[in-house]
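Shown next, in structure tokens, is the structure this report addresses.
The values are calculated or read from the model by the stated rules, or taken from the named source; none is laboratory data. Note that the structure is a prediction, hence the values are computed from the model and not measured. Ideal geometry is used to build each Cβ from the backbone, glycine not excepted, and the neighbour counts take in all protein chains shown. These area figures cover heavy atoms from the full protein model, side chains too; ligands, DNA and RNA do not enter into them. Shrake-Rupley method; radii C 1.70, N 1.55, O 1.52, S 1.80 Å.
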Amino acid sequence: MKRGDPIGVVKLYRIGELAKAAGISERTIDYYTKLGLIAPEKRTQKNYRLYSSETLSRLERIIQMKQEKYSLEEIREKLQQWSRVSSEELVTERLSSLEMHMQQLEREVKELEPLISSLKPGQAKKAFSHLMPQSLACIEALRIILNNGPFS
């Protein structure tokens, strides 16, 4: 909702406005509508499709997932999955998945410990220099999640 819009009034976008707001073409919106990834909120008397701000948010999620190399079929499945579960269930599921990944990483690190300890200092430093930026970013992301969540 924009500043100045009356309270309780939902902004509806015509296809061109939605395309501009999402930074994609009208043709892409038509395609996503035909695929069922998005749906118009309602139609005008002249049969123009009107899309809600929730559709804009959904488009932003679709664009992000496409950038992460998800196929349109995978995106459809994820969107359906998200609409079926509550946010609490989704968070619980994602945290459980993250915990399993962390346990797997812990096992792999323990398997690497003997190999790492057998490396010469220069070899170990070179090996870690490639790993550290990504690892530190991941650790920082986890720290932010934990500090901003109910655990802090």
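Residues that are in contact (Cβ under 8 Å) with a residue 12 or more places away in the chain and open to solvent by less than 100 Å² (accessible area, probe 1.4 Å) do not occur anywhere in the stretch 82-93. Taken over the stretch 98-130, residues that are acidic (Asp, Glu) and more than 19 Å from Ala141 (Cα to Cα) amount to 3.
The set of residues from the stretch 25-60 being part of a loop (DSSP other than H, G, I, E, B), surrounded by 14 or more Cβ atoms within 10 Å (Cβ to Cβ) and over 20 Å from the mean Cα position of the chain (by Cα) comprises Pro40, Glu41.
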